[in-house]
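**Q** Pasting in a structure now, in structure tokens, and then I'll have a few things to ask.
The values are calculated or read from the model by the stated rules, or taken from the named source; none is laboratory data. A quick note: this is a predicted structure, and the numbers were derived from the prediction, not measured. When we count neighbours, we look across all protein chains shown, and the Cβ atoms used for this are built from the backbone with ideal geometry, even at glycine. Please note that ligands, DNA and RNA were not included when accessible areas were found on the heavy atoms of the full protein model with its side chains. Shrake-Rupley method; radii C 1.70, N 1.55, O 1.52, S 1.80 Å.
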Amino acid sequence: MHDLRKKALLESGKTVSRKARARPDAPRSGGTLSPGNGSPASSRPGSRPGSRAPSTAGSRAGSRVPSEDEASEYDFDDAMTISSANSVTGEDVYEDDTSNTWPERLQDRIAELQDRKRSSVQGREATLKAYTHILKHHFAQKHIGKNISDIHAALLRSIRSGSSDQERLLALQALAVTILNCPSDAIFDHVWSALKVACEDSEEDKIKVEAINAISIAVSLGGGSSSAAEEVLDFLLEIIESDGQSVGAPDNGNVVAAALQAWGFVASYMDDLSVQRDQAMEAFMEQLDSTDSDVQIGAGVNIALLFEAARDDEEETGESSDLQYNQHRIMTRMAEIVRDSSKAVSKLDRKQLKANFQSIITSLERGLGPGYSTAGRSSANPHTGGSRMESGAGGEDGFVEFGYREKLRIHNQILIIDTWSTHARMETLKTILGGGLATQYIENPAVREVLEGADVEFIVRTNRKR
């Protein structure tokens, strides 16, 4: 009797854990559903949307620079896709189901994506959500490479003519993670027009944000040329200058903040920003007066990135930069913004604004990267803090500064973010991959290449014997 009951439970799928059933890419109980079934059972109601609205918990979480007494490490150590990784986005990730493997689940989702005629809008939404979840948390290049043209075509169909806003939004997210898993030398030319139209014509702000994110990934890892990158920078700058009006989102902080982040990401790949520099700097300076703290932080980060690029040019050419902006005036303005920030802004937003602007002010003042801590300790103190302290930072009194504090820990590696270009790339990866960033960094060469500018320290664990 016991064996018969166990067999019945196995056949019904009821032995799958509740957590496994909640996962977006979980197998559907009671057998495999056809795409036409349209059951949204595998979708997770609490799944985090792509919009980075200030009111959401995951809004630009990675952009916060810690205060002097805080560590800036996102710890992906050990169970990196279960608990630690969730510190970036708050996503829940469950890998405790062993009824079939993730490559098998992925192939099922790919088959469903391609079979659009027999699918419902609810079924496509569930499939897109599950597909994206798998690609965020697993490096899947060898599993999607053979079908990549069909996958691109299916995603573009949903982006152009999806039956719901949710389908179009999920397709945009899926396209971004697809390109990160399987970079292409030719995809940008095929998707640029569709992504631009999605950003301009959609009435949903969340779709505009996801289109902007996908554009930045496509042009940088999808074979975009230098002229294509310049075209994208101009497109993004127009959004910033117009406060979102150019894409039908006037005074929309989420859309402008997304454009600022995307501009920084694409600009980090440019060898020469002299053509865009002056116009971009003017736009970023104006956005410092925004009432949205995410927009202010994004503008400040891009200002720091432009000054960093100018310093790099000076070191490379030996010629003085002709950047027409006074650093002292910018630092003074930022200090005034922090001091006069409205009480209507939340305490957390004020704290993040203050920490980020202090990081930018220190960067401009000293010619350093992000997250540099001028706090320190006596050199006689045996305890350590921070990383990569500036040589000669310890004065005659033996005071040593902590140095760069913006770090990302993944297993036994610590990535030290000491340039604004690397900071811009890290922020975009956090936005696109969320809690899957750790796995992708370990397994995906393309993601490691994106973060190649970060210095890496290895943690050596020793077994202490009493």
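**Q** Roughly to the nearest percent, how much of the accessible area of region 281-337 is carbon and sulfur, given a 1.4 Å probe? Walk me through the numbers before you get to the answer.
**A** On the way: 1080 of 2620 Å².
On region 281-337, the fraction of accessible area on carbon and sulfur atoms equals 41 percent.
**Q** Still on this structure, I have one more. Report, largest value first, the span of the C-alpha coordinates of region 194-348 along each principal axis, in whole Å.
**A** 46, 45, 23
**Q** Ranking request for peptides 327-338, 179-190: highest mean number of other beta-carbon atoms within 10 Å first, then the rest in descending order.
**A** In decreasing order of mean packing, 327-338, 179-190 become 179-190, 327-338.
**Q** Separation between the residue 193 and residue 279 pseudo-spin-labels, each 7 Å from Cα along Cα→Cβ, expressed in nm?
**A** For the pair residue 193/residue 279, the computed spacing is 2.4 nm.
**Q** Give 142/407; 129/351; 117/430; 196/430 a once-over and call out the pairs whose C-alpha atoms are over 29 Å from each other. Spell out each step's value before the answer.
**A** Working: 142/407 31 Å; 129/351 34 Å; 117/430 34 Å; 196/430 22 Å.
Result: 142/407; 129/351; 117/430 exceed 29 Å.
**Q** Continuing with the same structure: Along its principal axes, what span do the Cα atoms of region 231-305 show, with the longest given first and each in whole Å?
**A** Per principal axis, max minus min of the Cα coordinates gives 31, 22, 18 Å.
**Q** Report the full-extension gain for the segment residue 365 to residue 100: residue separation times 0.36 nm, less the Cα-Cα distance, to one decimal in nm. Spell out each step's value before the answer.
**A** Numbers: separation 265, 0.36 × 265 = 95.40 nm, distance 5.54 nm.
This chain segment gains 89.9 nm when fully extended.
**Q** Over region 396-462, what portion of Cα pair distances is larger than 16 Å, expressed as a whole percent?
**A** Result: 51 percent of Cα pairs exceed 16 Å.
**Q** With a point put 7 Å past each Cα toward its Cβ, work out how far residue 242 is from residue 153 in nm, to one decimal.
**A** It works out to 3.4 nm between the two label points.
**Q** FRET efficiency for residue 201 and residue 374, Cβ-Cβ distance as r, R0 = 45 Å, nearest 0.05?
**A** 0.40
**Q** Sticking with this structure for a sec: Can you list residues whose amide H is under 5 Å from residue 418's amide H, if they're 5+ apart or on another chain and H is modeled 1.01 Å from N?
**A** 455
**Q** Treat each spin label as a single point 7 Å out from the Cα along the C-beta direction, and report the residue 312 to residue 286 distance in nm.
**A** The two pseudo-label positions are separated by 2.7 nm.
**Q** Heavy-atom accessible area per residue, region 211-333, 1.4 Å probe: how many Å²?
**A** 38
**Q** So, one more: Which peptide among 362-373, 193-204, 211-222 comes first, and what is the full order, when sorted by highest mean count of other Cβ atoms within 10 Å?
**A** Per-residue mean Cβ counts within 10 Å order the peptides as 211-222, 362-373, 193-204.
**Q** Moving on. Full-extension gain between residue 320 and residue 186, please, as 0.36 nm times their residue separation minus the C-alpha to C-alpha distance.
**A** Value of the extension gain: 44.5 nm.
**Q** Once phi is turned into θ = phi - 60°, what whole-Hz ³J(HN,Hα) does the Karplus curve with 6.51, -1.76 and 1.60 give for every residue of region 247-253, x standing for Gly and Pro?
**A** Using θ = phi - 60°, the values come out as 10, x, 9, x, 6, 9, x Hz.
**Q** With +1 assigned to the C-beta of every Lys and Arg and -1 to the C-beta of every Asp and Glu, and no other charges, what is the dipole magnitude of region 167-231 about the Cα centre in debye, to the nearest 20?
**A** Dipole about the Cα centre, nearest 20: 180 debye.
**Q** Taking R0 as 35 Å, what FRET efficiency do you get between residue 333 and residue 272 from their Cβ-Cβ distance, rounded to the nearest 0.05?
**A** 0.85
**Q** Mind ordering 315-323, 170-178 by average Cβ neighbours within 10 Å, highest first?
**A** Result, highest mean first: 170-178, 315-323.
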